[in-house]
Amino acid sequence: MALTTHVALLRAVNVGGRKAVMAELRAWLAELGFEAPRSLLQSGNLVFRSEATGAALEAVLEAEAARRLGYAADVLVRTADEWRAIVAANPHAAMARDDPGHLAVMPLKLAPGAAAVAALQAQIQGPEVVKAVGRELFITYPDGMGDSRLTLQVIERRLGVRGTARNWNTVTKLAAML
């Protein structure tokens, strides 16, 4: 079977006391037989090659994360082609160019329903804009994420789907690693 390059994002690592050392993550990926494991930053961004893919790969990585890190961490996986499609599908090109630190992409476990996305959009009280494209949300935070009321928890509760967000700078750095 052919090897596929993947991006894996661990949710909520190195925040709130949930520690993960990137060198250790790369080492356990290699121990599991995944090829060419690399990481980006200290926030659980991994790139590697494997035969396994999709939800089965996510399940393996989540089980290993729980075993090795001592806490449950959602893992969201996209193939290299899917990651490139995310970059190409960005509906906020001007913000990506002019203010990439305030544009976030939130890969989700499943594509949210249109009614759930509309309900989320209707709930937004601030300047944020949310657009769903497949299993990803593209979110603008013109005033920054730190003080926004549009938190990960609010988004997940409204959509009924778990995910993790990365700013556009990180998204494009991961794309360059592919």
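The values are calculated or read from the model by the stated rules, or taken from the named source; none is laboratory data. Only a predicted model underlies this, so the values are computations on that prediction, with no experimental measurement involved. Heads up, the Cβs are rebuilt from the backbone with ideal geometry, glycines too, and the neighbour counts pull from every protein chain shown. Accessible surface areas use protein heavy atoms only, side chains included; no ligands, DNA or RNA. Shrake-Rupley method; radii C 1.70, N 1.55, O 1.52, S 1.80 Å.
For region 140-163, the residues whose amide N sits under 15 Å from a probe point set 7 Å from the Cα of Q125 along the beta carbon direction are 147-151, 154-155. Accessible surface area normalised per residue over region 72-178 is 47 Å², counting heavy atoms of protein chains with a 1.4 Å rolling probe. Each residue of region 106-178 gets 87 Å³ once the volume of the Cα convex hull is shared out per residue. Positive contributions from Lys and Arg (+1) and negative ones from Asp and Glu (-1), summed over other residues with Cβ under 14 Å from the Cβ of G33, come out at -2.
Here the 3J(HN,Hα) profile of region 128-134, calculated from phi with Karplus coefficients 6.51, -1.76 and 1.60 at θ = phi - 60°, is 5, 10, 10, 10, 9, 9, x Hz, Gly and Pro shown as x.
Hey, with R₀ at 25 Å, roughly what FRET efficiency would E51 and A27 work out to, going by the Cβ-Cβ distance, to 0.05? Once the sixth-power term is evaluated, E becomes 0.80.
Computed about the Cα centre, the dipole magnitude for region 21-178 is approximately 100 debye when only Lys and Arg (+1) and Asp and Glu (-1) carry charge, each at its Cβ. Per-residue 3J(HN,Hα) values for region 135-152, derived from phi via the Karplus relation 6.51 cos²θ - 1.76 cosθ + 1.60 with θ = phi - 60°, read 8, 10, 10, 10, 10, 9, 10, x, 9, x, 7, x, 9, 6, 7, 8, 8, 4 Hz in sequence order (x marks Gly and Pro).
Gain on full extension, evaluated as 0.36 nm per residue between D98 and T5 minus their Cα-Cα distance, stands at 30.5 nm. Across the chain, C-alpha contacts under 8 Å between residues 6 or more apart give a mean separation that, scaled by the residue count, equals a relative contact order of 23 percent.
Taking Cα atoms only, the orientation of helix 168-177 departs from the longest principal axis of the chain by about 30 degrees. Positive contributions from Lys and Arg (+1) and negative ones from Asp and Glu (-1), summed over other residues with Cβ under 11 Å from the Cβ of L76, come out at +1. When only alpha carbons of the chain are considered, Rg and Dmax amount to 15.9, 49 Å.
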